[in-house]
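**Student:** Below are the structure tokens for one structure; questions will follow.
The values are calculated or read from the model by the stated rules, or taken from the named source; none is laboratory data. None of these values were measured; they are calculated from a predicted model. With ideal geometry, Cβ positions are generated from the backbone for all residues, glycine too; neighbour counts draw on all protein chains shown. Surface accessibility is based on the protein's heavy atoms, side chains included, excluding ligands, DNA and RNA. Shrake-Rupley method; radii C 1.70, N 1.55, O 1.52, S 1.80 Å.
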Amino acid sequence: MTKVSELAKMIDHSILNPVMTDDDLIRECEVAKKYNVASVCVKPYAVRQAVELLKGSDVEVGCVIGFPHGNSATAVKVFETEQACNDGATEIDMVINIGKALCGDWDYVEKEIKAVTDTCHQNRAIVKVIFETDFVKKDEDKIRLCEICTKVGADFVKTSTGFAKGGATVGDIALMRKVVGSAMGVKASGGVRTREDALAMVASGADRIGASASVKIVGGNGAS
């Protein structure tokens, strides 16, 4: 069974609520340090402050791109990525163009993911590609996205933003892991609120968990 300390190091602590203030950012970065999670995932403007708040810890700073609906032009997503990396982000969570995926414009989707992936790698950051599986529902589309991400060298495939109605499911995680194999990360995000939820995702193939409920997942009884 996964130890709580190991589970914590799989969590990207989400600090993405649109009404969160700077005081909230300070508090949540303290939570991230206390539980020694893998990273925080913050809004673009907050990257510099999060880097400063987490200085001296081994918690990485991640940033969302094209969030939450993926509708920005590719050039804008690339610019956002460059800015976030320049501000100190080492992990990037980008949302695909959902409409383009739904209409089967895979050439557009591939070029966009590749552009952001290349920009991340040029800046020594990793990229997690968000499918938003609550909207991209067909397994064949999820498989195609996994294949594209593998082709262009993305680091992770990720289920959701957490801002749609649905979120990660064990079925989607198992499917994504099956397609990408062991060479790529799989991140479960959206609706992971308890330790039991998180462990179910890990058992299905996830090696990162996106969650705002990190304290509930890894706090509790203080087990190690």
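**Student:** Of all residues in segment 15-48, how many are in contact (Cβ under 8 Å) with a residue 60 or more places away in the chain and in a strand (DSSP E or B)?
**Tutor:** Counting residues in segment 15-48 that are in contact (Cβ under 8 Å) with a residue 60 or more places away in the chain and in a strand (DSSP E or B) gives 2.
**Student:** Oh, and also: Tally time: how many residues in segment 148-171 are of a type in the set (D, E, K, R), open to solvent by 20 Å² or more (accessible area, probe 1.4 Å) and either within 19 Å of Ser204 (Cβ to Cβ) or touching a strand residue (DSSP E or B) at 6+ places or on another chain (Cβ under 6 Å) (or both)? Can you show your working first?
**Tutor:** Narrowing segment 148-171 to residues of a type in the set (D, E, K, R): 151, 155, 158, 165.
Subsequent filtering for residues that are open to solvent by 20 Å² or more (accessible area, probe 1.4 Å) retains 151, 155, 165.
Within this subset, residues satisfying the condition of being either within 19 Å of Ser204 (Cβ to Cβ) or touching a strand residue (DSSP E or B) at 6+ places or on another chain (Cβ under 6 Å) (or both) are 155.
Number of matching residues: 1.
**Student:** Scan segment 99-146 for residues that are hydroxyl-bearing (Ser, Thr, Tyr), crowded, with 18+ Cβ neighbours inside 10 Å and over 18 Å from Gly185 (Cα atoms) and jot them down. Spell out how you get there, then give the answer.
**Tutor:** Start the filter on segment 99-146 by keeping residues that are hydroxyl-bearing (Ser, Thr, Tyr), which leaves 108, 117, 119, 133.
Cutting the leftovers down to crowded, with 18+ Cβ neighbours inside 10 Å gives us 117, 119, 133.
Scanning segment 99-146 gives a single hit, Thr119.
**Student:** Same structure, new question: Output the residues belonging to segment 51-82 that are surrounded by fewer than 16 Cβ atoms within 10 Å (Cβ to Cβ) and not acidic (Asp, Glu).
**Tutor:** Within segment 51-82, Lys55, Gly56, Ser57, His69, Asn71, Ala73, Ala75, Val76, Phe79 qualify.
**Student:** Exactly one condition in (1) within 30 Å of Lys33 (Cβ to Cβ); (2) outside any helix (DSSP H, G or I) is not met by Gly70; state its number.
**Tutor:** (1)
**Student:** Now, a different point. If I ask for residues that are in contact with a Ser or Thr (Cβ under 9 Å, 6 or more places away or on another chain) and of a type in the set (Lys, Arg), which ones from segment 171-223 would you list?
**Tutor:** Arg177, Lys187, Arg193, Arg208, Lys216
**Student:** Among the residues of segment 149-190, which ones are among the small types (Gly, Ala, Ser) and under 13 Å from the mean Cα position of the chain (by Cα)?
**Tutor:** Residues satisfying the conditions are Ala154, Ser160, Gly162, Gly167, Ala168, Gly185, Ala188, Ser189, Gly190.
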